[in-house]
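Structure first, commentary second.
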Amino acid sequence: MQNREFEVTRKNERLDKLVADHYEDLSRSRANELIKEHLILVNEKKEKPKYKSKIGDLIQIAIPEPKPLDLTPQDIPLDIVYEDDQVIVVNKPQGMVVHPAPGHPDHTLVNALLYHTKLSSINGTVRPGIVHRIDKDTSGLLMVAKTDVAHKSLSKQLKEKTNRRKYLALVHGNIKESRGTIDAPIGRSTKDRKKQAVIAGGRPAITHFHVLERFGGKYTLVECQLETGRTHQIRVHMKYIGHPLVGDPLYGPKKTIKGNGQFLHAAELGFKHPTTGEELDFKVPAPSIFLKTIEQLRKEYPDVE
């Protein structure tokens, strides 16, 4: 059982909403369930989800340990870019979820990796070997740890921002600057719990971008380099500056170019090998639908740099 507590600083808020707003990893529906199971107390008393808060209320939360998912190794083809006894680098296709979660119990990258090799145990049974993630409909490079030693090293590099992650993104509109940095904190949206957003008090998030190509003032191809790795970071940051990703079903406009979700590809990955210290760099081309769309835009807007 995981125990948490906090003191209320906002009055007249529903209890379930208050808890969900306070903790990024708790949805409102999950908070509602915990309240009904009497695992969320107000001043050590049971209350209903619609309870209206008072400043100074003490909220106590007891979260049961999650039931481990049964990870079954599955014979799913992998595009392996590099592998040795410590790490494996894969080119994840669009449409593949990285690790099992509610709604995606199997046929994930982790299921495929477990069929192929042993992975580190640091993230337990749910996310073995997974050091960082990319969204289901984002394609491209992921580094995965095969040993605990590798996992600790790769995680440290991410934390210290010494690794390199570059993405290709096709966005709406014409980005006039050739280069720029978006430094804006990201947290769960207060308007839509399924989304992330730039919000005051969010976690620090920094994205550097470089314009590669423009298409008639309607679309721009950019290279984005992550300094931090927040959920949906590039998608949220590009929307924040008025240039949402093409094909993005969550953050983009309804009128967009159809693809297999957002046009976002993890094209380049670099890190130090966990045991040898060797600098490793990997690059993979974007999926065919991405490349074909770029070619089509070049034909439609041939005179624009």
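Some values worked out for this structure:
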read-out: Selected from THR293, LEU71, GLY247, residue furthest toward positive end of dipole (the chain; charges at beta carbon); value: GLY247
read-out: Under 5 Å, built H, 5+ apart or other chain: amide partners of ILE206; value: GLU227, THR228
read-out: Note, ³J(HN,Hα) from phi for the range 225-234, Karplus 6.51, -1.76, 1.60, rounded to Hz, x at Gly and Pro; value: 10, 7, 9, 10, x, 7, 4, 6, 3, 5
read-out: HN-Hα J in Hz across the range 250-264 - Karplus 6.51, -1.76, 1.60, θ = phi - 60°, x for Gly and Pro; value: 9, 10, x, x, 5, 8, 8, 7, 6, x, 9, x, 5, 7, 9
read-out: Total charge dipole magnitude, the range 109-244, about the Cα centre, Cβ charges on Lys, Arg, Asp, Glu only, Debye to nearest 20; value: 320 debye
read-out: SER288, SER139 arranged by Cβ crowding within 10 Å, fewest neighbours leading; value: SER288, SER139
read-out: Cα centroid of the range 214-254 to Cα centroid of the range 5-82, whole Å; value: 30 Å
read-out: Residue order, fewest to most surrounding Cβ atoms within 10 angstrom, among MET96, MET143; value: MET96, MET143
read-out: Whole-number D in µm²/s for the chain (Stokes-Einstein; Kirkwood sum over Cα pairs; 37 °C, 0.692 mPa s); value: 154 µm²/s
read-out: Cut-off under 5 Å, modelled amide H: who pairs with TYR82 long-range; value: VAL89
read-out: Within the range 180-232, GluC sites (Glu not before Pro) in DSSP loop having at most 16 other beta-carbon neighbours inside 10 Å; value: GLU227
read-out: Debye, to nearest 20: dipole size of the chain, +1 on Lys, Arg Cβ, -1 on Asp, Glu Cβ; value: 1340 debye
read-out: Lys, Arg +1 and Asp, Glu -1 on Cβ, resulting dipole of the range 80-160 about Cα centre, debye, nearest 20; value: 200 debye
read-out: 5 angstrom amide H check on GLN196, placed H, neighbours 5+ away; value: SER189
read-out: Under the Karplus curve 6.51 cos²θ - 1.76 cosθ + 1.60, θ = phi - 60°, whole-Hz ³J(HN,Hα) for the range 81-86, x wherever Gly or Pro sits; value: 8, 7, 7, 9, 7, 10
read-out: Cα-derived Rg to Rh of the range 2-113, Kirkwood definition; value: 1.19
read-out: Cα-based reach from LYS254 at 28 Å (exclusive), listing lysines while leaving out same-chain residues under 8 positions away; value: LYS92, LYS136, LYS166, LYS176, LYS191, LYS194, LYS195, LYS218, LYS239, LYS292, LYS299
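Here, each number is a calculation from the coordinates, and none is a lab measurement. The structure presented is a predicted model; accordingly, all values stated were derived computationally and were not measured. Here the Cβ is made from the backbone with ideal geometry for all residues, glycine too, and neighbour counts use every protein chain on show.
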